[in-house]
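Notes follow once the structure below has been shown.
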Amino acid sequence: MVVVGPGMENKDMMSSAKRDSNNIHFTSNRRAEVGDGDHGQTYGASGGGGGVVPSRKSVLQGPHTIAITKSETGFGFNVRGQIGEGGPMKSINGELYAPLQHVSAVLEGGAAELAGLRKGDRILEVNGISVEGVTHKQVVEFIRSGGHTLSLTVITVTQEDAERLEPLEEASSNFAIDYSERRSLPISIPEYKWIEKGGEKFTVFCIHMAGRHLCSRRYKQFDELQASLKREFCDFTFPKFPPKSLFTLSDQQIDGRRRKLEQWVERICSVRVIADCDIMQDFLNNADGSPSSEAVVEVEIKILLPDKTTLSMTIDKHTTTPTVYRMCADRIHLAEELAPYFALFELVEYSFERKLREDERPHEIYIHNYTTATNTCISFGRWLFSPTKELDLTNRYELALNYFFWQAVDEVNRGHVRPGQSLHELKALQDSARKSDYIELCRRFPGYSEYSFPPCPSDARKSKQNFVIPIVAFGKFKLQACLPDGTLESQEIEFEWSEISAWSVCPPDNDEEQPYFTFDYLRPQRPQRTVRIFTVFPSFLKECFDRVNSEREMDNALMQ
C-alpha cells in the first residue's frame, strides 16, 4: 500500500511499530494529511507493525463504530468507491444499503489497523454523518474535516461478500478510476551506469527521489512496468514510451533513452492513482523491481554531520542502523570511546529529531523523508545528557569538542537553546578558537542538551484536548502545558528523576487505540501516581528515560 500525503517515526509513530520496508511513500512533509489515491483517497503514511491482526471471520460484522486517532503517519487507510451519487441498493450481511465507499487497503500496524479497521469494511458514517450513497468527494471532505480524530461507523464483510460486491462496484457505470488528481514529484533519472553480472554487461538507469538515490533499473524492467500498468489502467492514455532498439546503442543514444525514460516516469508519477499503485511501488522499492526481493543493491546515502558538512556513503539499501553508524564513525575517524555518545537521527521536522532504532534501515528513511531544507534527513549527532561526561569528552577529544560546539551553535540558531538577553554574549564566543567557552556558556541556558518532544495529549492535564510538550533533560523531566498547535501556556510540571520509579511503553488497550508512554512517580505525603503521555514517539521517549537513568547512575558511581 502506498501513502500519499505529508507524512514515524516508524515504530514510534503512534503505532510504535515497524515501517513498511517495501514501500516508498511520496510525502510532502512529516505531518500526515489526506490525499487522493487508489481509486480514491489515502490516509496516512508508512509506519507501524503491531500485534496480531484477527482474521476477517473473527471480527464483528454488524455496524460498529471505530475511533481512529491520527498519528504522524496519518490515519493509515485507503478509501475507494463510486465517484457519482446514488445508485442501486445492495445487500450486505442481509441488509440493504445504498452504495457505500469501502476501505480498499489498511496500512499494516498503522493507526486504522490498530483501531480495528479492516480492508473491505463498508463505511456507513463519518464522524456521525451518514454517507450512504454519497459521492467519493463528499466522503473525502467529511474525513478531512475531522482533524486529528476520526469516527467511522462501518460494516465488516466476509471475504466472500467483499469479492461479490467489488466486481459489482467495478462494473457500475457510476464508478471509474479518477485520474484527475495530479501532483509534482521530484523523481528523476540523472544518470546511467554499466553493470557486469554473471558474465553479462548491461546498462541500468538510476532513479532518484528529490536528489536521493532510490533504485536502479534496466530498460527491460521499465518496459515490463509499462506493460503491467497498461493492464491495470487500461482506460488511461499513457505517454509515449521510449522504443526498443534492435542494435547496440552508443553512449549518446543511451543518454537519450535516459532522458526519455525520465520524462515518462515523471509524467506517469504525476498521476496520483498510478504513482500510488502496488505495481509502481514494487518497481521503485524492491531490490530488483520484483516483489519481496532481498537482493543486495548498492545505493548512496548522505548523512549530515554536526559541522554541517555532508558525508556520502555507498551502502546496501537493506543495511540497518548499527552498520550504517559504524561505517559513518569509521569514515570520520571517531574514537572507540566516543562511539556510545553519538547516534544517527532523523530530522522529523525543523524543531525535532528522533534517534533511529537499531532495526531500522536508514536508506528507507532517507528516501521517505525529502522535505528537509538540507539534502538529507539523516544526521549524525550527540547522544548524551550528562554535563559531567560532556566536559570530560571535550577536554580529551578535539572531535567531540568540535561536534558539540557546532551542534550547540545550530541549537541556538534554531531556538532550542534559549539564551535570552545573553545572545550577544554567545555570538561573541562563536569562534572556532573559543569552542569550550561557547559550550560552557550554553550549559547555563534552558534547552541545552534537552529533548523537547512535539505537543501531545497527556492525562497529566484534566482534558486530553489539553496538550503538553515532554522535555527530557539530565536534571529533570518536565511537562510544559501547551495548545495543540504548540502555543505555550503558563503551567509547567517538573519531576525530579528520583521521584520517578518506573516507565514503559504500553500497547493499545480497550481505551486507547495507540501505544502510549507511561511513568509512575511518588512525592512525599502523596500516593503514587501514574501519568500517561500519548506521544507519537513513545519508544524514543522511553529510550531517553533509559539513557538519562543510565548516565545518572554512571555519574553517581564516579562521585562515590
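The values are calculated or read from the model by the stated rules, or taken from the named source; none is laboratory data. For clarity, every value in this text was computed on a predicted model and none was experimentally measured. Here the Cβ is made from the backbone with ideal geometry for all residues, glycine too, and neighbour counts use every protein chain on show. Side chains included, ligands, DNA and RNA excluded: accessible areas come from the protein's heavy atoms. Shrake-Rupley method; radii C 1.70, N 1.55, O 1.52, S 1.80 Å.
A few notes on this one:
- Mean Cβ count within 10 Å, highest first, over the residues of peptides 438-446, 332-340, 100-108, 546-554: 100-108, 438-446, 546-554, 332-340
- Using the Cα coordinates of segment 305-449, the gyration tensor eigenvalues translate into equivalent-ellipsoid semi-axes of 27, 18, 12 Å, sorted from longest to shortest.
- Estimated FRET transfer efficiency (Asn556, Arg526; beta-carbon r; R0 25 Å; 0.05): 0.50
- Accessible area of Ser498 in the full protein assembly, 1.4 Å probe (Å², nearest 10): 110 Å²
- Two-site label geometry, Thr65 and Lys240: point separation in nm, points 7 Å out along Cα→Cβ: 5.8 nm
- Per residue, the accessible area of segment 425-516 comes to 49 Å² when a 1.4 Å probe rolls over the protein heavy atoms.
- Here r is the Cβ-Cβ distance between Arg331 and Glu398 and R0 is 25 Å; the resulting FRET efficiency, rounded to 0.05, is 0.90.
- Rg/Rh (Cα only; Kirkwood hydrodynamic radius) as it applies to segment 380-526: 1.04
- Principal semi-axes in Å for segment 435-493 [√(5λ), Cα gyration tensor, largest first]: 27, 10, 9
- Accessible area per residue in Å² at 1.4 Å probe, computed on segment 95-150: 37 Å²
- Accessible-area composition of segment 220-279, carbon plus sulfur, in percent [1.4 Å probe]: 46 percent
- Per the Debye formula on identical point scatterers at the alpha carbon atoms of segment 378-432, with no solvent, log10 I(q)/I(0) at q = 0.20, 0.26, 0.28 Å⁻¹ is -0.83, -1.19, -1.23.
- Here the spin labels are modelled as points 7 Å beyond Cα on the Cα-Cβ line, and at Ser145 and Ser312 they lie 5.0 nm apart.
- Using distinct alpha-carbon pairs, which all enter the 1/r mean, Kirkwood radius of segment 194-234 in Å: 11.8 Å
- For segment 316-414, with all protein chains in place and a probe radius of 1.4 Å, 54% of the accessible heavy-atom surface sits on carbon or sulfur.
- Computed from the Cβ-Cβ distance with R0 of 45 Å, the FRET efficiency linking Ser91 to Trp194 stands at 0.15.
- Sorting the segments 123-134, 194-205 by their residues' average number of neighbouring beta-carbon atoms within 10 angstrom, most packed first, yields 123-134, 194-205.
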